[in-house]
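These notes are about the structure you will find just below.
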Amino acid sequence: MKSSPVSGKERMITLDIIRGFALFGIFLVNMPTFHSPEFMKSMYGIPADYSGIDHWIDVFFALFVDMKFFTIFSFLFGLGFYIFMSRAEEKGLHMNRLYLRRIFTLLLFGAAHLIGLWFGDILHTYAIAGLLLLFFYKRKIKTMVIWAFSLLFAINALFSLMLLIPASFLEATESASAASMLYGSMEEYLHVYEHGSYIEWVSYRLGTEVPAMLANLIPAMFPVLAMFLFGLAAGKAGIFRDVEKHLPFFKKIRTLSLVISIPLVMVLAMYMTKVWDLGVKQEFAVQVFTSLSGLTLCFFYISFLTLLLRKEKWQQKLRTLGYTGQMALTNYLMQTIISVSLFVGLGFYGDVSLWLGTVICLVIFSLQLAFSTWWLKKFRFGPFEWLWRSITYLKLQPMAKKETKTDRINDKAV
């Protein structure tokens with residue numbers, strides 16, 4: 001039997017809109033790493049030192065954006081894995097073979113992105129963690145959920161151990177030599193980013209950023225795989241296939257996740273604004289509560305949007321987000337290409353404040369909304385989605401969209 005990708009009629013618009021919403025949040029969080037030396041600061045545990053409006057933007061991001069949208073994206077990947085595998089199975093295709101080609105192609109995208117453009121690539125992590133989903137596809141939903149919670153407990157318990165170390169002890173162990181090393185490294189880092197050629201820039205990153213990211217691969221996989229498993233469980237339970245049937249479940253998740261999120265966000269806010277000081281290093285406390293609130297707010301955002309999008313008027317209002325989410329891979333990679341070209345290529349690296357970077361992010365994403373809407377009116381897939389699917393199915397996919405009478409009527413209605 002011939003293998004073929006999911007047609008437009010089979011897509012779930014709600015999931016595309018949620019994916020577009022997640023893509024926007026991820027871009028907001030990633031933007032500071034595009035225009036400022038956040039990598040070098042994180043390497044040496046140096047907290048961001050913002051003031052004025054930048055400080056409050058940073059607080060807002062920590063409370064409501066950071067780790068909240070990345071988890072949504074990961075959840076949707078696990079759900080998408082189930083949809084891909086189950087449809088391949090229904091059509092009698094070699095689903096494992098198809099999925100392995102799909103995941104290997106994603107790994108190639110991630111490797112090229114990581115090495116050639118930006119240290120913060122998540123695609124290579126998704127690809128490697130995604131391989132492990134093959135071992136869970138046939139497992140019970142309960143087993144998936146237990147594994148997901150176990151992984152999250154393990155990584156957050158590890159983070160929490162750092163809270164047992166008094167801040168005074170950590171500060172006492174910081175030596176002048178470390179500060180000197182940071183200064184020298186930061187000088188070199190900025191010089192390469194601001195004045196190096198592309199070859200010099202990539203060569204430098206191969207010796208600094210890329211090894212650090214690969215060394216962090218295993219701990220980074222824990223929350224990713226956990227959210228993959230939650231998405232896989234949701235797919236197997238069919239809760240998005242029939243939202244009306246599972247309405248009480250979505251309402252319960254929305255209420256429960258909100259109730260748990262409120263105290264977590266409040267504690268995080270007190271640490272971010274330094275109202276609360278219990279003698280632990282602030283950065284560790286912020287990391288723990290950002291991670292925990294990221295999980296609970298992720299489920300609140302997903303359940304809230306799913307319930308909201310039951311109404312057709314909201315689907316129409318947020319449809320552009322759906323087009324952007326449908327082209328998530330293309331838009332994710334283009335965010336990097338545009339940002340690196342702008343800040344590194346044109347020489348603005350290190351000279352952009354957080355608030356200006358946020359404004360630039362909003363402008364770029366608005367252009368992506370318009371472009372994605374225009375593109376998908378004419379074509380079936382985004383450019384990188386087309387390449388991904390063509391390699392997966394070992395066949396060039398038809399790119400142009402065949403407009404039907406129904407499509408023309410729908411366009412006029414919109």
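The values are calculated or read from the model by the stated rules, or taken from the named source; none is laboratory data. This is a predicted model, so every value here is computed, not measured. In this analysis, Cβ positions are derived from the backbone assuming ideal geometry, glycine residues included, and neighbour counts consider all displayed protein chains. Keep in mind that these areas ignore ligands, DNA and RNA; they rest on the heavy atoms of the full protein, side chains included. Shrake-Rupley method; radii C 1.70, N 1.55, O 1.52, S 1.80 Å.
Dipole magnitude for the chain: about 3080 debye, using +1 per Lys or Arg Cβ and -1 per Asp or Glu Cβ, origin at the Cα centre. A Stokes-Einstein calculation at 4 °C with viscosity 1.567 mPa s, built on the Kirkwood radius of the chain over Cα pairs, returns a diffusion coefficient of 57 µm²/s. Both radii are taken from the alpha-carbon atoms of the range 51-133; with Rh as the Kirkwood radius, Rg/Rh is 1.15. Projected label points at T143 and M43, each 7 Å from Cα along the beta carbon direction, are separated by 4.3 nanometres. Comparing Q287, Q326, Q368 in a Gaussian network model of the chain (Cα springs below 10 Å), the most mobile by mean-square fluctuation is Q287.
Dimensions of the range 180-233 from C-alpha coordinates, computed as largest minus smallest value along each principal axis and given longest first, are 48, 27, 15 Å. Any idea how far apart H191 and L214 come out in nm if each label point goes 7 Å out from Cα toward Cβ? Going from the H191 label point to the L214 one covers 2.6 nm. The HN-Hα couplings worked out from phi for the range 360-368 by the Karplus form 6.51 cos²θ - 1.76 cosθ + 1.60 (θ = phi - 60°) are 4, 4, 4, 5, 4, 5, 4, 5, 5 Hz, whole numbers, x standing for Gly and Pro. In the range 1-155 the Cα-Cα distances spread across 10 Å bins starting at 0 as 8, 29, 35, 19, 7, 1, 0 percent of all pairs. Expressed as a whole percent, the accessible surface of the range 294-414 that belongs to carbon and sulfur atoms is 67, based on a 1.4 Å probe. How far, in degrees from 0 to 90, does helix 217-237 lean away from the longest principal axis of the Cα atoms of the chain, to the nearest 10? Here the helix axis deviates by roughly 30 degrees.
Within the listed set L268, L256, L114, the Gaussian network model of the chain (springs between alpha-carbon atoms below 10 Å) gives the highest mean-square fluctuation for L256. Relative to the longest principal axis of the Cα atoms of the chain, the long axis of helix 13-35 lies at roughly 20 degrees.
Between L307, P263, T324, the Cα set farthest toward the positive side of the dipole of the range 195-334 (charges on each charged residue's Cβ, about the Cα centre) is that of L307.
Would you mind checking the tilt of helix 176-195 against the longest principal axis of the Cα atoms of the chain, expressed as 0 to 90 degrees and rounded to 10? So the inclination is approximately 50 degrees.
Within the listed set G110, G52, G345, the Gaussian network model of the chain (springs between alpha-carbon atoms below 10 Å) gives the highest mean-square fluctuation for G52. Size descriptors for the range 182-328, from the alpha-carbon set: Rg then Dmax equal 21.3, 60 Å. Summarising the amide proton neighbourhood of F379: residues at separation of 5 or more, or on other chains, whose placed amide H is nearer than 5 Å comprise K401.
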